1. Do the conditions hold for D:Leu138, that is, is it assigned to a helix (DSSP H, G or I), more than 10 Å from chain C (Cβ to nearest Cβ) and either under 29 Å from D:Ala56 (Cβ atoms) or modelled with pLDDT of 95 or more (or both)?
2. Can you tell me which residue is farthest from the other protein chains (Cβ to nearest Cβ) among those in region D:141-150 that are assigned to a helix (DSSP H, G or I) and crowded, with 24+ Cβ neighbours inside 10 Å?
3. Which residues, taken from region B:172-203, are over 24 Å from B:Val58 (Cα atoms) and buried (at least 21 other Cβ atoms within 10 Å of the Cβ)?
4. Looking for whichever is over 20 Å from C:Tyr116 (Cα atoms), touching a strand residue (DSSP E or B) at 6+ places or on another chain (Cβ under 6 Å) and of a type in the set (A, V, I, L, M, F, W, C) here; the options are B:Leu139, B:Leu213, B:Leu180. Which one fits?
5. Let me spell it out: the conditions are (1) aromatic (Phe, Trp, Tyr); (2) in contact with an Asp or Glu (Cβ under 6 Å, 6 or more places away or on another chain); (3) closer than 21 Å to A:Asn50 by Cα, and A:Phe119 meets all of them except one. Which number is the exception?
6. Among the numbered conditions (1) surrounded by fewer than 23 Cβ atoms within 10 Å (Cβ to Cβ); (2) modelled with pLDDT under 95; (3) over 20 Å from D:Glu17 (Cβ atoms), tell me where D:Arg129 comes up short.
7. Does D:Gly167 satisfy the condition of being in contact with a strand residue (DSSP E or B) (Cβ under 6 Å, 6 or more places away or on another chain), small (Gly, Ala, Ser) and within 30 Å of B:Phe156 (Cβ to Cβ)?
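The values are calculated or read from the model by the stated rules, or taken from the named source; none is laboratory data. Predicted, not measured: the structure shown is a model, and the values here were computed from it. Cβ coordinates were reconstructed from backbone atoms using ideal geometry, including for glycine residues, and neighbour counts include every protein chain displayed.
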Protein chains: 4
Amino acid sequence: MDPYSGRRLFGRPLVVEPQATAVLVIDMLNDFCEREGVLGNPQALALCDNQNRILAAVRDKAGTVVFVNEQHRTNLAPTRAFAQQMTHTYENTWGAEVVEPLTAGEGDLSVIKRRYSGFFQSDLDLVLRDRVVRTVVLLGVLTNICVRATAHDAFFLGYNVVVPEDGVGAMSQMEQLASLYDIATHFGWVCDTSAVCAALTDGQPIENSDVTLGSRLTSV
Amino acid sequence: MDPYSGRRLFGRPLVVEPQATAVLVIDMLNDFCEREGVLGNPQALALCDNQNRILAAVRDKAGTVVFVNEQHRTNLAPTRAFAQQMTHTYENTWGAEVVEPLTAGEGDLSVIKRRYSGFFQSDLDLVLRDRVVRTVVLLGVLTNICVRATAHDAFFLGYNVVVPEDGVGAMSQMEQLASLYDIATHFGWVCDTSAVCAALTDGQPIENSDVTLGSRLTSV
Amino acid sequence: MDPYSGRRLFGRPLVVEPQATAVLVIDMLNDFCEREGVLGNPQALALCDNQNRILAAVRDKAGTVVFVNEQHRTNLAPTRAFAQQMTHTYENTWGAEVVEPLTAGEGDLSVIKRRYSGFFQSDLDLVLRDRVVRTVVLLGVLTNICVRATAHDAFFLGYNVVVPEDGVGAMSQMEQLASLYDIATHFGWVCDTSAVCAALTDGQPIENSDVTLGSRLTSV
Amino acid sequence: MDPYSGRRLFGRPLVVEPQATAVLVIDMLNDFCEREGVLGNPQALALCDNQNRILAAVRDKAGTVVFVNEQHRTNLAPTRAFAQQMTHTYENTWGAEVVEPLTAGEGDLSVIKRRYSGFFQSDLDLVLRDRVVRTVVLLGVLTNICVRATAHDAFFLGYNVVVPEDGVGAMSQMEQLASLYDIATHFGWVCDTSAVCAALTDGQPIENSDVTLGSRLTSV
């Protein structure tokens, strides 16, 4: 292990208070996850079972659920070159809707994001402050892009960040493990769905799997 | 005049490029402006004629129009005391809609805000950057609360800020003039609807009316 | 009283927890307050006695003190016209130092700001989160510019905002009262130095003086 | 190559305007790079030659140099557990100074950051706006933490992001290549020092090396 991860900023087990916890479901949208989606990667749908288990656990304990959905305007007509290349999850289209297998709860909230991070120029931080949230559990796609970018900002803002590795997906094992390793060593706790459910339901502390991730990475 | 306004940060006449200009229409919503609105102040409707003149001028020159609308979630269930007191412009209600007399253009954009400033945890700055906007013209209500708070952030972010005094309204002459004076001396240019239209249509420079405002204030 | 202030968002008395309270001393700098300062307004020095009383009270109860100081770079060489007009409180000059009559405590923090609001592109919010602060007491100059702009952002971010009117100063009575009225009706609690000290020392609830302010304003 | 990188958002060659370009030197500080530093990784010093070449080129063309330096307060006394673990680059210590081999220029600016990203609660964006910067070149350590976090925010804010792979360093080849791959496919242009110098000096367009990175990664 390198000296940086040896510092183990997130070495202590994390005890989660369910009512101060928000599960953020990131970009589980038709355009990203369904075969017919503009950038569809159907493997993402295989995450829904684990995600639904976590959603049920947090709702049961009066925690918060926020669907964090990328969405773009149809009439922005941007002058800048880059913005012209955003061609997915347009507002009011099927592609911008949450995938069908995910359950929806009555008290669930949703936040629209315009860039990879759920916090960038959105009101996500405000929603979490209004609910007095201290811990966020991140689910969704892609682990190394939108999930990770959201993990960055959540950590900077002082939230405890938890990422169950079987609740997030990337396009390759390399992208998945490399970002999980960075998150576990520098941004928060990486664990699995069962650990999140045990933390929410039984108050089980969450252990960080950073060492394990490191060894899996070197074996690739 | 006091020494601060004597510095006249905004003393130079402002030449506006219409394609780099955005008109921001702030909180012209039924709940704030119609007699039946939760916080209805029908005098605000008298501003619509001037606002429509400016909207027509900026659309005609391929500038940008953004309706900046306060809106609150119905199921936020905030823990914090303050947030529980927000009881207006709920999403998906008549109260959260733009008032009927204001014309809507095909390319108009809208941005939802959650607090007084249109920039706070919204994507307004991103929209303006994508359109390469350098000057914002502020219209709407209340001059001393949401218009002013938006003027603050627009100025901090480096936009030229223009406020036509007959396009914005407050609950009293005192609140109107005091904030216009602060805006003219510290945040941007205060003028009137005709000056904005002449600037957009004929390239007429906008003069700041700060001295005039000062003398009107002392005469109250 | 108008219907908006009648809502009395800040009508309830505020009980302050000293250890979750930060006193923010805004722009009490030589350039703004000393006769020889670039924008010197020596009346500001008359506020120091009250400010020192509040500083002593909050330090005594293990609260937080943050000096929030505007400061500009000497070698920014900005391309933008506006930024070229910032000619005060340059880094490493006498003008950028806190005025001599204010006492300094060992644990006091300081934050540099670049625009009127102490929160804009500074780490003030981060400092307050790290200290788990929930209430901010604002002192300093100018009531209607930097104090008020800081009050805006503090309120948006969810802090309780307290402004003792004899701890803040403006260039005219009009500017002072108009902004205090807006703060009391829309951003927080306006009171006086004695009320802040009693709240910190004895747990006395802070009452908002908005009605009083209103009647003083109409009598001008 | 996966479908996402196949979109090649950054597939077009980037032409850089030197006067609208800022080189950001991230965390090249004694505590991170010198053997005696708290988290010292002396391999980082091997980057200085390339970094100095780029610094010379951008200064020669009247571009902007910003040293973006992590720095922590000695008396913050944070209540939060995490903040208590920040034990490096304290203000006013040798560990917080830029490493000796890097040249300093008269017009160079510096920005203090408190978290991994140079933009988070700092005035970096304001400095870049004041200088009318459109492209940022990122140098420094660690590629997968502070450099990458800064790349995220620069991209979100609309800057063109350029990362020369021989001007940034990580603790392992895996961490280096995985983040460079993500940057090249989702955040900007990855190239090398010679390409940056040619772009600044001769107007040579910068080509993105994302495909190359992909194949190197799969061969690990």
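1. Working: assigned to a helix (DSSP H, G or I): no; more than 10 Å from chain C (Cβ to nearest Cβ): yes; either under 29 Å from D:Ala56 (Cβ atoms) or modelled with pLDDT of 95 or more (or both): yes.
Taking the combined requirement at face value, the residue does not satisfy it.
2. As a first pass, look at region D:141-150 and keep what is assigned to a helix (DSSP H, G or I): D:143-150.
Imposing the further condition that a residue be crowded, with 24+ Cβ neighbours inside 10 Å reduces the set to D:143-144, D:146-150.
On the way: D:Thr143: 10, D:Asn144: 5, D:Cys146: 10, D:Val147: 12, D:Arg148: 8, D:Ala149: 5, D:Thr150: 10 Å.
Filtering region D:141-150 for residues that are assigned to a helix (DSSP H, G or I) and crowded, with 24+ Cβ neighbours inside 10 Å, the one farthest from the other protein chains (Cβ to nearest Cβ) comes out as D:Val147.
3. Within region B:172-203, the subset over 24 Å from B:Val58 (Cα atoms) is B:172-179, B:181-182, B:185-186.
Answer for region B:172-203, where residues must be over 24 Å from B:Val58 (Cα atoms) and buried (at least 21 other Cβ atoms within 10 Å of the Cβ): B:Glu175, B:Leu177, B:Ala178, B:Ser179, B:Tyr181, B:Asp182, B:Thr185, B:His186.
4. Numbers: B:Leu213 fails: touching a strand residue (DSSP E or B) at 6+ places or on another chain (Cβ under 6 Å); B:Leu180 fails: over 20 Å from C:Tyr116 (Cα atoms).
Going through B:Leu139, B:Leu213, B:Leu180 in turn, just one is over 20 Å from C:Tyr116 (Cα atoms), touching a strand residue (DSSP E or B) at 6+ places or on another chain (Cβ under 6 Å) and of a type in the set (A, V, I, L, M, F, W, C): B:Leu139.
5. That leaves (3) as the condition not met.
6. It is condition (3) that D:Arg129 fails.
7. Working: in contact with a strand residue (DSSP E or B) (Cβ under 6 Å, 6 or more places away or on another chain): yes; small (Gly, Ala, Ser): yes; within 30 Å of B:Phe156 (Cβ to Cβ): no.
Answer is no for this residue.
Residue-wise test of (1) within 16 Å of the chain's Cα centre (by Cα); (2) in a loop (DSSP other than H, G, I, E, B); (3) touching a residue at least 12 places away in the same chain (Cβ under 8 Å); (4) away from chain A (no Cβ under 13 Å).
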| residue | (1), (2), (3), (4) |
| --- | --- |
| B:Gly95 | no, no, yes, yes |
| B:Gly105 | no, yes, yes, no |
| B:Ser110 | yes, no, yes, no |
| B:Arg115 | yes, yes, yes, no |
